[in-house]
Structure formats: C-alpha cells, structure tokens
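Notes follow the structure.
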Amino acid sequence: MAIIDCHAHIDERMLSIDAIIAKMDRAGIDKVALIPAMNDPLPKTDAKILTLFRALMTSPLHPCARWLHEQFMTSGGDVVLGGVVVRIYPRPDNATVAGALKAHPDRFLGWIFLNPNAVADPVEELEQWRQVPGFVGVKLHPHWHRYRIEDAFDIAERCEALRLPILIHLGFGESGRWQLLTDRYPRLRLIFAHAGMPHFGRMWHDVKANRHLRVDLSSPYLSERLVRRAVRAIGPERALYGTDAPYGFHEFDHSYDYHHIKGWVERLPCRARDIDRVLGDNIEELLADGR
Ligand SMILES: [Zn+2]
C-alpha cells in the first residue's frame, strides 16, 4: 500500500524539491501530488486566527466567516497576513510542477492549476498540460481567484468527459455553489479541498450520498478534531490524506513538518484497513479508474 499526499504545493522559495523528497522519505510518504504555488510565500500561520476562523465556519455564525475573510483581502484580490501583502497569482505556473514530474516521475503526481478568469481558453491550457505524464487532474480555486462556479463549467465539462478529477477549494457565496457542478456534471469526480471548507458539516451529508465526491484532509484550516468529525460523517472510503505543504505546520527548522497531518490520519478511530484507504488507497483507486 502506497502513502500519497494528494494536496501539496510546490514553492521552492519555501521548500526545494530535494528537501521535499528528504522529508517524504523521513515521514514514509511514497508520493506527493503537487500544485503550483498560487501566492507569494506565506508568513507563519497565526494559530489564533485559524482557530477563530474554524470556530466561525463550523458554527451557526458561519456567515461571519466571510466577513472575517474579507478583512484579510485587498481590493486588488491579494491577501494581507501579519501586515504583509501576499500576492495572489492569477496564473499559477504549471511548468514548475511539470519539471518536478519529469525529474521524479516515481515520487510526484501533479494537478493542473486553471483559472477561468485569467485566460481566454482554459480548456486549451488543460489540453496542453495533460499531455505531460503525471498530471492526474485539475485544481481550481474559485475562493482566492474570485470567480463564480459557473465560470468553471467549460473546464468541468471537459474533465467529466476525460474522467479527470477536479480538486476544488470552494469559496463563499457564488464561489461556493458546488451543487451547480454536481447537478450539471453528474459523473464528474470532485475532491473538495480542506474537508469542504468553508462549508464543512453543511455539505458532508451530500458528499457521503454521492460516490463521485470526496474530501481531502489537508491544511491547518483543519484540526485533528475536525478531521475526525469529517471522516465520521463522510466515511473513510472518500476521505483523502493531504497536507497543503509547504503551508502550515512547521518543524524545528521552520520548514514543513510532514508528520503532523499524517499523525491525525494514523490516530483516526478507524480500522487499520480504513486508515490505509485514507492514506493512499482511495486516491490510487480514483486515479486508476480514470485511465
Ligand atoms: Zn492548497
């Protein structure tokens, strides 16, 4: 059984390819599915803000989470963290992932990052990158790229036809209406990043009811407690281990701690077989089915 991190970013300003591989080896991770960086390097995560944000998103006060999020955005669509403006890139550079796939095809998989707001024909961009062996699906981020779910319909249609999964980080309001995708593209396989943030428990019942839908368990947006709640609600068959590295949990050397979220999964109150599923079998099965 292989252990696969299904959600990580490549940003060599924070963690080089060699450092990623050394960390994978130490943590016993066989493969990492990489996404190009969509932003400047992030400052150290403020744990208090994340706890507040998580508490809001999972409570009846969840509409306030949108207001809180907007306090961290500039009018130009960048993010302000710790007083520093972190630029959001309209077109994340898929070539960075393609380079890693070519150099280490046995260790990396890749997600093609598309932004329907930034290019005239995102489907053409998809066709170009999917020729590179190792790219396994598409990453969409309507939250930070600020578009409506409808804007991704062309991409979703092509992915459904190609049986390519989409990993999507949902947003609030019009950037979060994921049901528009499932209604229109019933065979499209979707992975909701960060356990469906910002909707969490408000969508888990529907995820469980639709075998084409999955969540990943990545990022410090989540906590061990929230991961347990998500897996209990959705079932271990459709939860996928992921990290969001290099963002989030830091080791003594200030670089990414690859053991942290893996520990959350290994300590899940589930059968060993189910933990193996979350750590790697589920994503392997999903990807094998698509070819
Ligand atoms: Zn991410």
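So the values come out like this:
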quantity	calculated
Conditions (1) at negative phi; (2) modelled with pLDDT of 95 or more: number failed by Gly235	(1)
Condition broken by Ala65, with the remaining ones in (1) surrounded by 17 or more Cβ atoms within 10 Å (Cβ to Cβ); (2) away from the ligand (no atom under 16 Å from the Cβ); (3) under 19 Å from the mean Cα position of the chain (by Cα); (4) more than 24 Å from Leu287 (Cβ to Cβ) satisfied	(3)
Given (1) within 20 Å of Gly176 (Cα to Cα); (2) surrounded by fewer than 22 Cβ atoms within 10 Å (Cβ to Cβ); (3) hydroxyl-bearing (Ser, Thr, Tyr), index of the condition Ser223 fails	(1)
Region 103-147: number of residues that are without any contact (Cβ under 8 Å) to a residue 40 or more places away in the chain, farther than 18 Å from Gly196 by Cβ and in contact with a Ser or Thr (Cβ under 9 Å, 6 or more places away or on another chain)	1
Residue check for Leu162: modelled with pLDDT of 95 or more and within 16 Å of the ligand (Cβ to nearest atom)	no
For Trp144: the one exception among (1) more than 16 Å from the chain's Cα centre (by Cα); (2) closer than 20 Å to Met57 by Cα; (3) hydrophobic (A, V, I, L, M, F, W, C); (4) surrounded by fewer than 23 Cβ atoms within 10 Å (Cβ to Cβ)	(1)
Pick from region 59-100, criterion hydroxyl-bearing (Ser, Thr, Tyr) and assigned to a loop (DSSP other than H, G, I, E, B), ranking: nearest to Leu114 (Cα to Cα)	Tyr89
Among the candidates Pro246, Pro220, residue that is at pLDDT below 95 and in contact with a strand residue (DSSP E or B) (Cβ under 9 Å, 6 or more places away or on another chain)	Pro246
Filtered residues of region 30-56 (kept if within 13 Å of the ligand (Cβ to nearest atom) and part of a strand (DSSP E or B))	Val32, Ala33, Leu34, Ile35, Pro36, Asn39
Pair list, Cβ under 6 Å, 6 or more apart: region 190-213 residue in contact (Cβ under 8 Å) with a residue 40 or more places away in the chain and under 11 Å from Ala230 (Cα atoms), other residue part of a loop (DSSP other than H, G, I, E, B) and more than 15 Å from the ligand (Cβ to nearest atom)	Phe200/Thr58
Conditions (1) within 16 Å of the ligand (Cβ to nearest atom); (2) of a type in the set (S, T, N, Q); (3) surrounded by fewer than 18 Cβ atoms within 10 Å (Cβ to Cβ): number failed by Ser16	(1)
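Conditions (1) in contact with a helix residue (DSSP H, G or I) (Cβ under 6 Å, 6 or more places away or on another chain); (2) closer than 20 Å to Glu237 by Cα; (3) surrounded by fewer than 22 Cβ atoms within 10 Å (Cβ to Cβ), marked per residue:
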{"residue": "Glu157", "(1), (2), (3)": "no, no, yes"}
{"residue": "Ala161", "(1), (2), (3)": "no, no, yes"}
{"residue": "Trp178", "(1), (2), (3)": "no, no, yes"}
{"residue": "Pro186", "(1), (2), (3)": "no, yes, yes"}
{"residue": "Phe192", "(1), (2), (3)": "no, yes, no"}
{"residue": "Gly196", "(1), (2), (3)": "yes, yes, no"}
{"residue": "His205", "(1), (2), (3)": "no, yes, yes"}
{"residue": "Ala209", "(1), (2), (3)": "no, yes, yes"}
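Quick grid of which residues meet (1) touching a strand residue (DSSP E or B) at 6+ places or on another chain (Cβ under 6 Å); (2) modelled with pLDDT of 95 or more:
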position: His69; (1), (2): no, no
position: Gly99; (1), (2): no, yes
position: Lys102; (1), (2): no, yes
position: Gln128; (1), (2): no, yes
position: Val138; (1), (2): yes, yes
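The values are calculated or read from the model by the stated rules, or taken from the named source; none is laboratory data. Please read all numbers here as calculations on a predicted model, not as lab measurements. We place every Cβ from the backbone using ideal geometry, glycine too, and count neighbours over all the protein chains shown.
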